[in-house]
Structure formats: structure tokens, C-alpha cells
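Visitor: Structure incoming, see below.
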């Protein structure tokens, strides 16, 4: 058969393929350029941006673990104004959709960043990272409570007409309830999962490998958890789901589509191989050709449960 059609529809956007470079793993987008044709990706999600620049956490910020890595970057970024002035003009040279990931410590701050990003050309969509502490509610994470999730998404929805993705944390007891709250408040798509909290210890010194002790676990170790949550959320909402968490190969990505995702984000794989997105796309295409599947969209949500014969 010929080349399969890799196009997918997400939150009103047509992506030329389902592979998106994940926030926090490709800098502000152009850092991928020496390794991957950015114009060949479905989209690029830039490093999370806040209203003002933030310095992040002290180093070391990364620690390799079995089948993954921990990060404690602390959302270090240059701030929305510097991004718009220094980074976005270069990103406009590419045809690929640019998605701005953003965060804040209160709903009004989220809204302020979203409103500013909506005032300029060259940004196709926004991705709200709600895995952040709400300083107005004693530091509880927005993503850990449906009411707080609804509140922050509602604030953002009021100030922007851009497609709004909401990125959820897996560190909750009922991911479906959080996703439904985001949908009810106006989200156009759900991205999940963010990293899982973990720890690494240096036995020789009996100290933590990260200065703050804990970090966000990503990589193949979290893939089974991510697949389960993608399936649960896809059953619970009527908006598209973007799956991420441990995608290293084309078959990994296709598993997320089968579980109910419409598109996938690739993150930690790019630390192992900066050209991972390109490789994953090639492997996806070969799978579809081998199985005589004409369009990648045909696979979305086709998961069947294996029933016992007993």
C-alpha cells in the first residue's frame, strides 16, 4: 500500500501527524532543529511559561533511574514577555503548530499569561499545566481537586479563544473526575499524564540524588500507568485526549492511540535520542503499512478487553 494518512484532528487543529514534542523536553522549540525537521512534526509544545521569569530549583536537576529519569527543574523559564520577543519570531518560520505551555500560582495569573499569549500571531494553541500549587488555597495542586481544576480552567477560558489543552497530573485518586471538571470548564483537549512523583537515593552517601529529595518520574517506567489513565479519561470525556508518558517507539505511540488518545507527546525519549520524534514517526508509518491500515485515525479508541474463556 501507499503512504498512510497520518493526519489527526485535535481541538480544532489539523495536525499533519499525531507526534507532538512535549513541553519541557525540547526547550523553546528550536533546540530540536539540528536533530529533527520541526516542520515534520504534528506540533511543538514549548517549555512552560509563567508571567514573570522563574529561576527554578538548584542543581542537579536530573537523575537517571531504572527505565526512566527524575527531574526537579522547577519550571525554570524566561517568562512570557521574553518568549514573545526573543523566541516566537524564530518559531514563526516553521509551519508546525506552536503550542504554549503555561502555568501560574493563582487562577488570575494563569489567565494573565493566556491572555498575553493570545494577543500575538504564531501561537496555535495553549496548554495549561495545572500540576502547580495554588497559593490561594494553601498550596494544594490545582490538578488534585476537581473544583480547583474547574476554577483555573474557567479563568483561562474567559480570556482566550485559542484551543485550550489542559495537562493533568497522575498523582490523584480519580483522574476521570479531574478531566471532566476541565472539560466542563471549557477545555478543548486533555493532555496526560504529567510526571509521577518519585525519589532516588545514592546508597554510598545515603543522600537523595536530587537536592529537594523528590522529582517527577518520566520515561518507560510510567507507560503502563499513562496508558491506563488515557483509557479512563477517553471513556470519561467527549473532548480529545493527548497521551504521553514513556513513549519511546512508534508502537508505544500507537498503543496510546488504541487506548483512546488522538495524538501523542514525546518527551523523555528525546533525552536518549534527540531525533526520537523522527524515528517514532517512521516506525508508526511502517506499522500501518505492514497492517494495511490506510489512516492512523482508524486506530484511535479501538482497544478491546481480552475476556477469559472460563
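Visitor: Suppose the filter is touching a helix residue (DSSP H, G or I) at 6+ places or on another chain (Cβ under 8 Å), within 24 Å of residue 247 (Cβ to Cβ) and surrounded by fewer than 20 Cβ atoms within 10 Å (Cβ to Cβ); does residue 64 pass it?
Guide: no
Visitor: Out of all the residues in the range 160-171, is one or more surrounded by fewer than 17 Cβ atoms within 10 Å (Cβ to Cβ) and at pLDDT 95 or above?
Guide: Checking the range 160-171: at least one residue is surrounded by fewer than 17 Cβ atoms within 10 Å (Cβ to Cβ) and at pLDDT 95 or above.
Visitor: Would you say residue 268 is surrounded by fewer than 22 Cβ atoms within 10 Å (Cβ to Cβ) and under 22 Å from residue 40 (Cβ atoms)?
Guide: When the stated conditions are applied, residue 268 does not pass them.
Visitor: Output the residues belonging to the range 287-298 that are in contact with a helix residue (DSSP H, G or I) (Cβ under 8 Å, 6 or more places away or on another chain) and more than 12 Å from residue 5 (Cα to Cα).
Guide: 287
Visitor: Considering only the range 82-121, state which residues are part of a helix (DSSP H, G or I) and under 30 Å from residue 147 (Cα atoms).
Guide: 107, 108, 109, 110, 111, 112, 113, 114, 115, 116, 117
Quick grid of which residues meet (1) touching a helix residue (DSSP H, G or I) at 6+ places or on another chain (Cβ under 6 Å); (2) without any contact (Cβ under 8 Å) to a residue 60 or more places away in the chain; (3) not in a loop (DSSP other than H, G, I, E, B):
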residue	(1), (2), (3)
153	yes, yes, yes
161	no, yes, no
165	no, no, yes
176	yes, no, yes
190	yes, yes, yes
194	no, no, no
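Visitor: Of the residues 288, 217, 281, 303, which is surrounded by 15 or more Cβ atoms within 10 Å (Cβ to Cβ), over 16 Å from the mean Cα position of the chain (by Cα) and not in a helix (DSSP H, G or I)?
Guide: 303
Visitor: Now a separate question. Of the residues 53, 34, 58, 4, which is modelled with pLDDT of 95 or more and either under 14 Å from the mean Cα position of the chain (by Cα) or more than 22 Å from residue 286 (Cβ to Cβ) (or both)?
Guide: 53
Visitor: Could you check the range 10-58 and list, in sequence order, the residues that are touching a helix residue (DSSP H, G or I) at 6+ places or on another chain (Cβ under 8 Å) and part of a strand (DSSP E or B)?
Guide: Matches in the range 10-58: 19, 21, 44, 46, 49.
Visitor: For the subset of the range 1-39 comprising residues that are under 13 Å from residue 266 (Cβ atoms) and out of contact with any strand residue (DSSP E or B) (no Cβ under 7 Å at 6 or more places or on another chain), which member is surrounded by the fewest Cβ atoms within 10 Å (Cβ to Cβ)?
Guide: This residue is 35.
Visitor: Condition first: buried (at least 20 other Cβ atoms within 10 Å of the Cβ) and either closer than 22 Å to residue 14 by Cα or modelled with pLDDT under 95 (or both). Now tell me which residues in the range 108-128 satisfy that.
Guide: Result: 114, 117, 123, 125, 126, 127, 128.
The values are calculated or read from the model by the stated rules, or taken from the named source; none is laboratory data. Here the structure is a predicted model, which is why all the values come from computation and not from measurement. Ideal geometry is used to build each Cβ from the backbone, glycine not excepted, and the neighbour counts take in all protein chains shown.
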